[in-house]
Amino acid sequence: PALGGAGPSAASVQGAGSDTVLRGELIERNGRPTLVAVRRMRWGTQVLSERPLLLVEADPDCYLKASDADPRLLELAEALGDKSRLAAYVAFKQMHERKQKEFLALWKEGIVDSDPLAARIHEQNRRGVDAFLADRPEFSRLLYWHHFVMVASIFGRFGSRNPDGTRSVYEFCSHVRHSCRPNAAWFTLRKGFPKGRRLLHIIAIDGIPKGEEITVTEASEAVLVLPKPERALKMFKGSGDTCECRRCMEGDAKQDERIQVALARMQALLAVGPPTDESTKEALQCLKELDKMLPFSMQIKAKSKVLLASAFGVLSQRAAWQEENIGANIIQWTGLDAEAQERRLKDTKKLYETAAKDFEYLLGQDAVGILQRLEAGYQPVHDQHKMLSKYAREKEQPSAP
């Protein structure tokens, strides 16, 4: 069986872009569109698969130096000193009129009154254009500058940069807000059509209830494990802005401290070599504590699961060598009784499976290589667990008279 059991395999992730999945809806909360769950969703549930409203290629010159491009665009780009926003405007103008209207509809009436960040972005873009045209009036008729400001503002407020350098705006994903305790994660497909398709999965360990806001994180995991003041400094660079997510609003300083202690202790225990029963047991407990305090999938926890599973494997092999009477039956020479060995293999199997799914939901197509490497460690554990389970069932059955 593929690593991860019934979950989506690496192959299914690669082909997932052809499907349209929507298990969330946009509703107005506090004057802003908010994506919420339409039903209760378990960990790993795919919320949506969405193509971008507009995707801008990483290289602005593919728009500004195209064979059919206005030659004055390059002069304008040099005068503006900003190729990226001009490229976004050109990409917008290449859209069908109906698609342009859909894109501009993201900038809803009254947004500058209800969304302070949108207001600042729009004002900055408007003032910048006004100052530029006052200085360079010869460009005033080259573009429809009102749309230029709108496109730049929409990308500034709702746009995101993909791993391949492209920039994109989405009808639903662009309204998903940041949280330092996210319940979902997305990745953008590198292969397949259409380019830029984004998949969103639930990563909250206990799932989310109907009506819950769906959130992702815009910060790295190294930032998420920091105490609140340090998180704010890393995310906002001392600008004075603050995070309004639930975790930051609750501001549990004691829990932040416990996260630091548990993480450091787990990493130290996993570095113990050779591993011991005591070190692996305590490391597993630290992992469970982190799951309670940071109840969502993280690569740092997934990597720890793999290291812990590997340590369990070392312990099983050592127990086998320590047993003096090596018989033909694996149950007799492991150095553990069948029940204890089956429990250890079950824990190891679960660690591999949940780690694989963590990587899959967080990294998408980029997880394929990791999953292939994990498969090499997982398959022997799965086979041994299957053998032990069969042995246990046969042992429980009454012998024939």
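The values are calculated or read from the model by the stated rules, or taken from the named source; none is laboratory data. Everything quoted here is computed from the prediction, not taken from an experiment. Backbone-built Cβ (ideal geometry, glycine too); neighbour counts: all protein chains shown. Accessible surface is based on the protein model in full, side chains and every heavy atom, while ligands, DNA and RNA are left aside. Shrake-Rupley method; radii C 1.70, N 1.55, O 1.52, S 1.80 Å.
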Inset, instruction - Check the stretch 199-216 and report whether any residue there is surrounded by fewer than 18 Cβ atoms within 10 Å (Cβ to Cβ), under 26 Å from E123 (Cα atoms) and charged (D, E, K, R). - result: no
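Quick check, is G211 in contact with a Ser or Thr (Cβ under 8 Å, 6 or more places away or on another chain) and not in a strand (DSSP E or B)?
No: the conditions fail for G211.
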Legend entry - Some residue of the stretch 88-111 being exposed (fewer than 13 other Cβ atoms within 10 Å of the Cβ) and closer than 28 Å to N183 by Cα: yes
Inset, instruction - Quickly run through the stretch 47-72 and pick out the residues that are assigned to a helix (DSSP H, G or I) and in contact (Cβ under 8 Å) with a residue 60 or more places away in the chain. - result: R72
Legend entry - Failed condition for E28, given (1) farther than 25 Å from G165 by Cα; (2) open to solvent by less than 60 Å² (accessible area, probe 1.4 Å); (3) modelled with pLDDT under 95: (2)
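Kindly indicate whether V149 is more than 21 Å from the chain's Cα centre (by Cα) and aliphatic (A, V, I, L, M). Don't jump to the end; show me each part of the working.
Numbers: more than 21 Å from the chain's Cα centre (by Cα): yes; aliphatic (A, V, I, L, M): yes.
For V149, the condition - more than 21 Å from the chain's Cα centre (by Cα) and aliphatic (A, V, I, L, M) - is met.
Results for (1) among the basic types (K, R); (2) modelled with pLDDT under 95, shown as yes or no for each residue.
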| site | (1), (2) |
| --- | --- |
| M95 | no, no |
| K101 | yes, no |
| L104 | no, no |
| G110 | no, yes |
| D113 | no, yes |
| V129 | no, no |
